[in-house]
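Encoded as structure tokens, the structure appears first; notes follow it.
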Amino acid sequence: MMFLDCPAYLDEDGAVRCGLPAEVRTRFVLRSSDGPLEAAMIRCPTGHWFTGPIECLTWERKEKHHLGKAGAVSSAAAARRPGRRDTEDGKPAHD
């Protein structure tokens, strides 16, 4: 079993990272114009999911970002998050 540090940001400013161990659920190869890329699907205990090239899923702990306290949030609570904009059909607006 392989783990990566969860790269999820926990704040709007991008200063706090989750950092919990995220289990690699699936590993696969993505085709690209520069050649094959090793990729994975990862999930941390709080429910953050990411899929993409391994190099995009890893981050250096030596960055200015500090680890935060990860907390699980239900999708209903996330929908009530301040500043969230929805379209007329109730779906999130994309910038």
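The values are calculated or read from the model by the stated rules, or taken from the named source; none is laboratory data. Treat the numbers as computed from the prediction; the structure is a model and nothing was measured. In this analysis, Cβ positions are derived from the backbone assuming ideal geometry, glycine residues included, and neighbour counts consider all displayed protein chains.
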### Message
Can you list residue pairs whose Cβ atoms sit under 7 Å apart, with the first residue in segment 4-21 being surrounded by fewer than 17 Cβ atoms within 10 Å (Cβ to Cβ) and the second being at pLDDT 85 or above and basic (Lys, Arg)? Count only pairs 6 or more apart in sequence or on different chains.
### Response
Tyr9/Arg17
## Note on the structure
Given the conditions (1) within 14 Å of the chain's Cα centre (by Cα); (2) at pLDDT below 60; (3) acidic (Asp, Glu), every one holds for Glu12 apart from (2)
